[in-house]
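Remarks on the structure that follows.
The values are calculated or read from the model by the stated rules, or taken from the named source; none is laboratory data. Just so it is clear, the model here is predicted, and its values are computed rather than measured. FYI the Cβ positions are ideal-geometry reconstructions off the backbone, even for glycines, and counts take in every protein chain you see.
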Amino acid sequence: MHISEGVLSPGVLIAGAGLTAAGVAVGLRKLETKEIPSVGILSAAFFVASLIHVPIGPASIHLILNGMLGIILGWKAFPAVLVGLALQALLFQFGGITTLGVNTLNMAFPAVVCYYLFGWGIRIGNRRLVFILSAFAGGSCAVFLGSVMVGLSLYLSGEAFLPAAKVVVAAHLPVMVIEGGLTAVCALFLRRVKPELLEGAYVPKQSS
């Protein structure tokens, strides 16, 4: 869901950059030194997952994993997403530097929303069904909210982009289902082999 250079209006670009700067500042304030390796791993997963792009007008569709980042990292998803998108822009020309703020906001803010909406389900570690449903909902909802924000960014830059905005949202409906399932599978895998990565979102129950 990268928006290309030269598409958005200056006002949207400035607003996106400002809100992203605020989100990154909050995320960095909450980031502890011991968490940096985990955030780096998740940022790398986000980077790799969104390398395969299918162009859709001025944007594109691809796997995102922002829901996974959100339910694990919360506000720390902002710096993780920013690093991933910056590397993609610099190395592969996906998105762009001027749109980096908007693209980060469109991916990271839904991640934070899903953290607050569905993170409680991940924290209930002894209820497997609730855990799975919460992870699925987090992955799906993050993609839906992200596509809506991309569409809104395009629409706010000009009503001529309204058809493209609708196409972006519609094109991500199947991606929502895929992301939901992938997020649930990844969350279950991490709970089994690396539960410390879910620390803050999932607290394993101590055996007596």
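Results for (1) touching a His at 6+ places or on another chain (Cβ under 6 Å); (2) buried (at least 22 other Cβ atoms within 10 Å of the Cβ), shown as yes or no for each residue.
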residue: SER140; (1), (2): no, yes
residue: SER147; (1), (2): yes, yes
residue: VAL150; (1), (2): no, yes
residue: PRO174; (1), (2): no, no
residue: ILE178; (1), (2): no, no
Exercise. Can you tell me which residue among VAL168, VAL143 is touching a strand residue (DSSP E or B) at 6+ places or on another chain (Cβ under 9 Å) and assigned to a helix (DSSP H, G or I)?
Key: VAL168
Exercise. Could you tell me whether region 34-52 includes any residue that is surrounded by fewer than 22 Cβ atoms within 10 Å (Cβ to Cβ) and farther than 23 Å from THR183 by Cβ?
Key: yes
Practice problem: May I ask you to say which residue of LEU100, LEU152, LEU133 is modelled with pLDDT of 90 or more, within 19 Å of ARG191 (Cβ to Cβ) and not basic (Lys, Arg)? | Solution: LEU133
Quiz item: Between residues in region 164-178 that are at negative phi and touching a residue at least 12 places away in the same chain (Cβ under 8 Å) and residues that are outside any helix (DSSP H, G or I) and of a type in the set (Val, Ile, Thr), which pairs lie under 7 Å by C-beta distance while being six or more apart or on different chains?
Solution: VAL167/ILE56; VAL168/ILE56; ALA171/ILE56; ALA171/ILE61; HIS172/ILE61; VAL175/ILE61
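Is it true that some residue in region 3-12 is surrounded by fewer than 24 Cβ atoms within 10 Å (Cβ to Cβ), part of a helix (DSSP H, G or I) and without any contact (Cβ under 8 Å) to a residue 12 or more places away in the chain? Quick ask: steps written out before the conclusion?
Going through region 3-12, the residues surrounded by fewer than 24 Cβ atoms within 10 Å (Cβ to Cβ) turn out to be 4-7, 9-12.
Now restrict to residues that are part of a helix (DSSP H, G or I): 10-12.
Checking the rest, the ones that are also without any contact (Cβ under 8 Å) to a residue 12 or more places away in the chain come to 10.
Among the residues of region 3-12, at least one is surrounded by fewer than 24 Cβ atoms within 10 Å (Cβ to Cβ), part of a helix (DSSP H, G or I) and without any contact (Cβ under 8 Å) to a residue 12 or more places away in the chain, which makes the answer yes.
So which of ILE97, ILE132 is of a type in the set (A, V, I, L, M) and not in a helix (DSSP H, G or I)?
ILE97
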Quiz prompt | Residues that are modelled with pLDDT under 85 and farther than 19 Å from MET107 by Cβ, drawn from region 171-191 | solution = LEU190, ARG191
Quiz item: Does any residue of region 27-45 turn out to be over 16 Å from the mean Cα position of the chain (by Cα) and not in a helix (DSSP H, G or I)?
Solution: yes
Quiz item: Are any of the residues in region 93-103 hydrophobic (A, V, I, L, M, F, W, C), closer than 20 Å to GLU179 by Cα and under 15 Å from the mean Cα position of the chain (by Cα)?
Solution: no
Quiz item: Taking interchain pairs and intrachain pairs at least six residues apart, which have beta carbon atoms under 8 angstrom, with the first residue in region 129-158 and closer than 25 Å to ARG192 by Cα and in contact (Cβ under 8 Å) with a residue 60 or more places away in the chain and the second part of a helix (DSSP H, G or I) and basic (Lys, Arg)?
Solution: PHE131/ARG191
